[in-house]
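Every number in this text was worked out from the coordinates using simple rules, so none of it is lab data. Remember, predicted model here, so these are calculated numbers, not experimental data. Don't worry about glycine lacking a Cβ; one is built from the backbone with ideal geometry, like all the others, and counts go over all protein chains shown.
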Amino acid sequence: MNTERKDTMRLSLTSRPRPVPSSVGIVHLGIGAFHRAHQAVYTEDAGDGWGICGITQRSATVVEQLGPQDGLYSVLERGPEGASARIIGAVREVLTGDATAGRVADPAVRIVSLTVTEKGYRHDPATGRLRIDDPEIRLDLTGREPRTVIGRLARGLSRREAPVTILCCDNLSANGATLRGLVEEYAERAGVKITCETAFPSTMVDRIVPATTAADLDEAERLLGVRDHGVVVTEPFTQWVIEDSFAAGRPAWDEAGAILTGDVAPYELMKLRLLNGSHSMLAYLGSRFTYVAEAVDVLGDAVRRYMDEDAGPTLTVPDGFDLEEYKASLLTRFANPALRHRTAQIAMDGSQKLPQRLLGVVRDRLAAGAEPRWAALAVAAWMRHVQTAGELDDPLAGPLREAVSRADRPDAVVDVLLAVTEVFGPDLRESRVFRDLLVEHLTELTSGGSRY
């Protein structure tokens, strides 16, 4: 971006309700579209001066987009009644991953938050443990300057004395405790000592944030009068539930609408199994559709039956929470045609997502003596995706493709994929009920005889 664009974004500050923070109290790892449409907006709306240093762990694109604009960017909100846009100023720095350890070690930083996607933790989703056989983790543990998120985080924490909160905002079960375990395991193996006081609260985040398109850039420019290549697109709905356990203070996120609670688990499970599980079902079962709104128009009944018959019975509903209204609202959100959320985006990294979103439902229903028919349909659709996707975007793409290359019948495909313990663990491979459901569904999906 050039100087003219930077100056134009500054002139647009009058459209923002909050002054730009002057200092950084939060370092955020993984400053992608989701963080900018979710946690950064809450931080801005809290209005109490907490600035964010965003660090990209992979592509430098966001640095190139936001750096010349002093971190300013716009959020384009699309709802059934139209679109609106606003400029966010909570992000004060945007840096590349090499800066992680140094910024985490800064005593002025009081919170380190993360949205690096499930695969960014380089863990085994079936066990929650660090994948020591991961090539990058292995290289970090040999003594090089760390390049993985866990390695960089542990290195930064080892250089701190001041207390700090580590706030995971990714879709992992018990994400706070899971992240603490990964950091401690890495530190032990690397011979790194972490002596500062740390808190690892759990969180649940909920907002649909599809990939930004050229049409979105054009619409934001029409609404704001400025061309911003850092636009993020989202829906009107937003939710953030946070375990209220912080080592060094926090922004007034509750004043901005976040729920601070002593127990995040019921909210987390509802979101993972209802929203994320349904999303994955739509992505794999509806892969012939480009957008989620198109898929839910055809598959809405199957998704609702998955929610009602499989996911719903596994949930503990918080007092005062209207579960039926929440399920209905999810279908309404999925059907929002203005979002243009691509099924291919949701289908990425399935081996990392299934254990969190669907396989917990399967296990709980089997333990209750029930057949997880609809959850099994979604898993079978993923298996079909592994077989047929032109390019499988998944950290385990090699082993998964090699496995299905040895199978020429649906039952054989089911058996070789159930044997991938990184996804299914040893227990689901031994379940005859689950295997039979998968074979039944995959046979229908393969023959083209399925009504889906």
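Helices in the chain that qualify as membrane-span-like (whole DSSP H runs, Cα extent of at least 20 Å along the helix axis, mean Kyte-Doolittle hydropathy of -0.5 or higher) are 373-388, 432-447. Contact order, relative form, for segment 237-344: 31 percent (alpha carbon pairs under 8 Å, 6 or more residues apart, mean separation divided by residue count). Each eigenvalue of the Cα gyration tensor of segment 117-207, multiplied by 5 and square-rooted, gives one semi-axis; in descending order these are 20, 18, 10 Å.
Remark: Met281, Met204 ranked as Met204, Met281, counting other beta-carbon atoms within 10 Å and listing the fewest first. Loop-located GluC sites (Glu not before Pro) in segment 394-452 (DSSP state other than H, G, I, E, B) with a sparse environment of at most 11 neighbouring Cβ atoms within 10 Å: Glu430. I want to make sure I understand the PRE zone here: with the label point 7 angstrom from the Cα of Ala252 toward its beta carbon, which residues in segment 47-79 have backbone N atoms less than 13 Å away? Under 13 Å, as judged by backbone N against the label point of Ala252, lie 47-50 of segment 47-79. Here the dipole of segment 265-447 is about 260 debye; that uses its Cα centre as origin and unit charges on the Cβ of Lys and Arg (positive) and Asp and Glu (negative). Among Val413, Thr127, Gly54, pick out the residue whose Cα is farthest towards the positive end of the charge dipole of the chain, where Lys and Arg carry +1 and Asp and Glu carry -1 on C-beta, about the Cα centre. With unit charges placed on the Cβ atoms, the residue in question is Gly54. For segment 165-199, the set of GluC sites (Glu not before Pro) satisfying both a DSSP loop assignment and a count of at most 15 other C-beta atoms within 10 Å is given as Glu197. Grouping the Cα pair distances of segment 276-339 into 5 Å bins from zero gives a pair-distance distribution of 4, 18, 29, 23, 14, 8, 3, 0 percent in increasing distance order.
By the count of neighbouring beta-carbon atoms within 10 Å, fewest first, Arg340, Arg373, Arg409, Arg273 end up ordered Arg409, Arg373, Arg340, Arg273.
How many angstrom lie between the Cα centre of segment 255-322 and the Cα centre of segment 199-230? About 22 Å separates the Cα centre of segment 255-322 from the one of segment 199-230.
For the chain, the convex hull drawn through the C-alpha positions has a volume of 140 cubic angstrom per residue. From least to most packed, judged by other beta carbons within 10 angstrom and beginning with the fewest, Asp133, Asp106, Asp140, Asp297 follow the order Asp133, Asp297, Asp106, Asp140. Can you tell me the dipole magnitude for the chain around its Cα centre, using point charges on the Cβ only (Lys, Arg +1; Asp, Glu -1), in Debye to the nearest 20? My answer is approximately 820 debye.
With only Cα atoms counted, segment 265-447 has Rg and Dmax values of 15.7, 51 Å.
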